[in-house]
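The structure appears right after this line, and notes come after that.
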Amino acid sequence: MAEMTQERLGELADRLAEVEGYLHVDESRALVSDLERRSTEPGFWDDANAARQTMARLAKAKDDVAGIEAAHAKLDDAQAAFELGVEMGDDDLLAEAEATASSLEHDLSELELTSWFTGEFDQGDAIVSVTPGQGGLEAQDWCSMLLHMYLRYCERRGWKVTVNDAPAAEVIGIDRATFTVSGKNAYGMLRAEQGVHRLVRISPTDAKKRRQTTFAGVEVLPVLPDDIEVKIAPDEIRVDVYHASGPGGQGVNTTDSAVRVTHLPTGIVVTCQNERSQIQNKATCMSILRSKLYELELQKRAEALDELRGPKHDIGFGNQIRSYVLYPYQMVKDLRTGCETGNVDSVLSDGDLDPFVTAYHRWVVGGREPVSVEDEQ
């Protein structure tokens, strides 16, 4: 924990001023006034789609302004408590100043992240897929561990998650997983996770207890807004229905509610068995398919790998973005940024991914040098 000093408060004030500049808060205040005025004009809701987009812009601008104002209030509180604590020799006031400063540091990190999310879909929802790679049955177990890690991470951030498809494997783990994440900056945050993830541990299925290296691939796509048009002709898809195999209750598992949609021109296959009806599952499949086809079109237009998926590699040796080592020592290390921690349980069991996600975005924008998780705390 950093020592509470006047210099530290000055650094926080400088950092806050930088973030305020990144977010163009004065412009956001003006935008709030303008959009609020427009939202009260007659006929505003005649074009419902345009009105929703305007209200989304208004909510984003309000969040930016509120975040900065709250940060200024915390800085003032920390400064007042520190000065009074020093003057009176009151350890309780100094402790209060320290707690407020630490809280402000966390808030500034969140605001910095928001300022980096300038992509078209960064502030929207995300579709995440986890696929087993090299490692046989162990890779299917690794997929289930990653799914648990991401569900916990989303829970920590207060995001809503809908597991679209996560069928159990025959022996251990899951065959694959696809889930939709809804929440502020979900896609912007989670695109840091896209790539190959490597696990090193003692094999739970090997009687000789030998060390096993296993891989899984994570794909992150944006949920496309309704105004993004992706044409899919009815004769370009094949729809198959079958019994749902995953959790979902008796009503799901005893009816042909699961849906598999195959896009014939590209061979892309999307499945969903989360909902109780074929109609709902098909709608989810089509939403995911739209995102996949949109990404594919971007790749064709650019004639290169686009920024949504990142470089495409085999899910195996030499291509990992992050390693999770459980034996012979314990460490999680991101190979892109150098961010690492020895507290493996906090990552895999509790979903404490924020230090890795933050380090990734700092690395992308060329910000601060990557540091270990322990240094972040």
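Here, each number is a calculation from the coordinates, and none is a lab measurement. These numbers come from a predicted model, not from an experiment. Note that we place each Cβ from the backbone using ideal geometry, even for glycine, and neighbour counts take in every protein chain shown.
Based on the inverse mean of 1/r over its pairs of different Cα atoms, what is the Kirkwood hydrodynamic radius of region 1-52, in Å?
In region 1-52 this quantity evaluates to 14.3 Å.
A 31 angstrom limit on the alpha carbon distance is what I want to check against. Which of 60/292; 74/184; 160/209; 160/292 exceed it?
Pairs exceeding the cut-off: 160/209.
Is the shape of region 6-116 best called rounded, prolate or oblate, per the rule: a/c under 1.5 gives rounded, else a/b larger than b/c gives prolate, else oblate, with a ≥ b ≥ c the square roots of the Cα gyration tensor eigenvalues?
prolate
So how do 197, 148, 361, 243 line up by other beta-carbon neighbours within 10 Å, fewest first?
Least crowded to most crowded, the residues run 243, 148, 361, 197.
If neighbour count is taken as other Cβ atoms inside 10 Å, put 84, 147 in order from fewest to most.
84, 147
With the Cα gyration tensor of the chain giving a ≥ b ≥ c as the square roots of its eigenvalues, does the rule (a/c under 1.5 for rounded; else a/b larger than b/c for prolate; else oblate) give rounded, prolate or oblate? Don't skip to the end; give the middle numbers.
Working: a/c = 2.16, a/b = 1.28, b/c = 1.68.
It comes out oblate by the Cα gyration axes.
Modelled label-to-label distance, residue 45 and residue 182, 7 Å Cα→beta-carbon offset: nm?
2.0
Under 10 Å, Cα contacts only: if you run a Gaussian network model on the chain, which one of 362, 210, 336 comes out with the highest mean-square fluctuation?
Sorting by GNM fluctuation, first place goes to 210.
If you rank 228, 288 by fewest surrounding Cβ atoms within 10 Å, what's the result?
Ranked by crowding around the Cβ, least crowded first: 228, 288.
What are the aspartates and glutamates whose alpha-carbon lies under 16 Å from the alpha-carbon of residue 333, with same-chain residues fewer than 8 places away excluded?
193, 345, 352, 354, 369, 374, 375, 376
Which is farthest toward the positive dipole end of the chain among 75, 353, 61, measuring Cα position about the Cα centre, with Cβ charges +1 (Lys, Arg) and -1 (Asp, Glu)?
353
Report, to the nearest 10°, how far helix 91-116 tilts away from the longest principal axis of the Cα atoms in the chain, using its own Cα long axis and a range of 0 to 90°.
50
Among rounded, prolate and oblate, which fits region 141-260 when a ≥ b ≥ c are the square roots of the eigenvalues of its C-alpha gyration tensor, a/c under 1.5 means rounded, and a/b larger than b/c means prolate? Numbers along the way, then the final one.
Details: a/c = 1.90, a/b = 1.29, b/c = 1.47.
Oblate shape, in that a/c is at least 1.5 and b/c is the bigger or equal ratio.
Can you give the extra length, in nm with one decimal, that the chain gains between residue 120 and residue 298 once fully stretched, where that is 0.36 nm per residue apart less the Cα-Cα distance?
Gain on extension, residue 120 to residue 298, equals 62.8 nm.
Figure the gain on full extension for residue 266 and residue 280 (residue separation times 0.36 nm, minus the Cα-Cα span) and round it to one decimal in nm. Before the final figure, lay out the partial values.
Working: separation 14, 0.36 × 14 = 5.04 nm, distance 2.34 nm.
My answer for the length gained is 2.7 nm.
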